[in-house]
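Quick notes on the structure that follows.
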Amino acid sequence: MKERANKLKTDIPAVYIALKKKETPTIAKVCAAITVAYALSPIDLIPDFIPVLGYVDDVVILPALVTLTIKLIPRDIFEQCRNESKGLWQDGKLKKWYYALPLIAFWCFILYLIVKVIWF
């Protein structure tokens, strides 16, 4: 189980890198976008405060989405993306921090909407 979790640490960034490549098929890009958005989003299909079931989505759904996405990406392209993603993590920190900017922008937009609803 621990080995699979460590593999996800390189596979999820590799899926994100594959999302940006033009050689990746469109269906794989759609699935990759859903996978990366779900992996980075703090919002879960099943809330974590529900006992036992709350963590099922993290243990089952995310690896299933990653596996499906990997199956849709041609093997040679994904191996290239996996090699690129190995250099992203150095000393436990993300080397290219700007990959987090879309998620930060999304949550800033959500915060803006909340403030706008409350004040106006």
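Estimated at the nearest 10 Å², the accessible area of Val60 is 80 Å² with a 1.4 Å probe.
If you sort Asp44, Asp76, Asp58 by accessible surface, 1.4 Å probe, largest first, the order is Asp76, Asp58, Asp44.
When each of the peptides 27-37, 105-115 is scored by the mean number of other C-beta atoms lying within 10 Å of its residues, the order from highest to lowest reads 27-37, 105-115.
The values are calculated or read from the model by the stated rules, or taken from the named source; none is laboratory data. What you see is a predicted model; the values in this text were computed from it and never measured. No Cβ is skipped: glycine too gets one built from the backbone with ideal geometry, and neighbour counts run over all protein chains shown. The protein model used for the area step is the full one, side chains on, heavy atoms only, and it has no ligands, DNA or RNA in it. Shrake-Rupley method; radii C 1.70, N 1.55, O 1.52, S 1.80 Å.
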